[in-house]
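A quick write-up on the structure given underneath.
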Amino acid sequence: MARTAGSHSETTGPRVQEAALRLFAQHGFAAVSMRQIAAEVGVQAGALYNYTPDKQSLLFDLMCGHMDALLAERAARGAGGDALARLEEFTRFHIRFHLARPDAVFVSYMELRNLSPGNFEVVEGLRRTYEDELEGILRDGMAAGLFDVADTKVATLAVIAMLTGVTTWYREAGRLSVTEVETIYWNMVRKAVSA
């Protein structure tokens, strides 16, 4: 089959990923076919295989891309100050980063079950790297007498789940700004872990 008029390899690859992300977020990974992704992009179904070997690889690439971007942006911020300052910065960063990409967040959390075992292991490793930073902050805060949590791993998972949950209800046109939401959540996180 001939390539669809107007398609270019340097732009089509990213468009395949954007369409897959949008469709997976709207309908779920299992309900979306490669034909639907191709139709969304405006290419023949067979042309998708120039950009990804299969749907599983596409999901894996989307999830790794999300986690790689999260970890890279997090690393670029540095980690200065005491544990309380670092926890506040982590809280605000997490909310702001995730609110900017709700489809990627939804797919990265809700579609984990659809990853093959090997791909799941890789994505879980990336998630653990991110979680380990927060757990380290909590441990440092406990050592300094700033925080009091029964289990740093459980507290880490609870805080991340709470912060990520903002993406399910926040609307840009709503009554609260992103900064106001960050402040409200920061106060909840601080109170939850304070000594």
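The values are calculated or read from the model by the stated rules, or taken from the named source; none is laboratory data. None of these values were measured; they are calculated from a predicted model. With ideal geometry, Cβ positions are generated from the backbone for all residues, glycine too; neighbour counts draw on all protein chains shown. Ligands, DNA and RNA are excluded from the accessible area calculation, which covers all protein heavy atoms including side chains. Shrake-Rupley method; radii C 1.70, N 1.55, O 1.52, S 1.80 Å.
Just to be sure, is LEU115 touching a residue at least 24 places away in the same chain (Cβ under 8 Å) and either in the same structural domain as SER33 (by TED's automatic domain parsing) or within 30 Å of SER33 (Cα to Cα) (or both)?
Yes; evaluated as a whole, the condition is true for this residue.
Considering only the stretch 79-195, give the helices (runs of 4 or more DSSP H) lying wholly within it that have at least 3 residues that are open to solvent by 20 Å² or more (accessible area, probe 1.4 Å) and among the acidic types (Asp, Glu).
117-143
Determine the pairs where a residue that is among the basic types (Lys, Arg), located within the stretch 29-46, has a partner that is open to solvent by 20 Å² or more (accessible area, probe 1.4 Å) and in a helix (DSSP H, G or I) with Cβ atoms under 9 Å apart, the partner being 6 or more residues away or on another chain.
ARG35/ALA45
May I ask you to say which residue of VAL107, VAL123 is modelled with pLDDT of 95 or more and touching a Cys at 6+ places or on another chain (Cβ under 8 Å)?
VAL123
Assess whether MET110 counts as being farther than 23 Å from ALA72 by Cα and among the aliphatic types (A, V, I, L, M).
Values: farther than 23 Å from ALA72 by Cα: no; among the aliphatic types (A, V, I, L, M): yes.
No, not satisfied.
In the stretch 137-144, is there at least one residue being within 22 Å of ARG77 (Cα to Cα) and without any contact (Cβ under 8 Å) to a residue 24 or more places away in the chain?
In the first step, residues of the stretch 137-144 are kept if they are within 22 Å of ARG77 (Cα to Cα); the result is 137-141.
Retained after the next criterion (residues that are without any contact (Cβ under 8 Å) to a residue 24 or more places away in the chain): 139.
Within the stretch 137-144 (the criterion being within 22 Å of ARG77 (Cα to Cα) and without any contact (Cβ under 8 Å) to a residue 24 or more places away in the chain), the answer is yes, since at least one residue qualifies.
Return the residues of the stretch 25-71 that are within 19 Å of the chain's Cα centre (by Cα), more than 11 Å from SER108 (Cβ to Cβ) and surrounded by fewer than 16 Cβ atoms within 10 Å (Cβ to Cβ); say none if nothing qualifies.
Answer for the stretch 25-71, where residues must be within 19 Å of the chain's Cα centre (by Cα), more than 11 Å from SER108 (Cβ to Cβ) and surrounded by fewer than 16 Cβ atoms within 10 Å (Cβ to Cβ): GLN26, HIS27, GLY28, GLN56, SER57, ASP68, LEU71.
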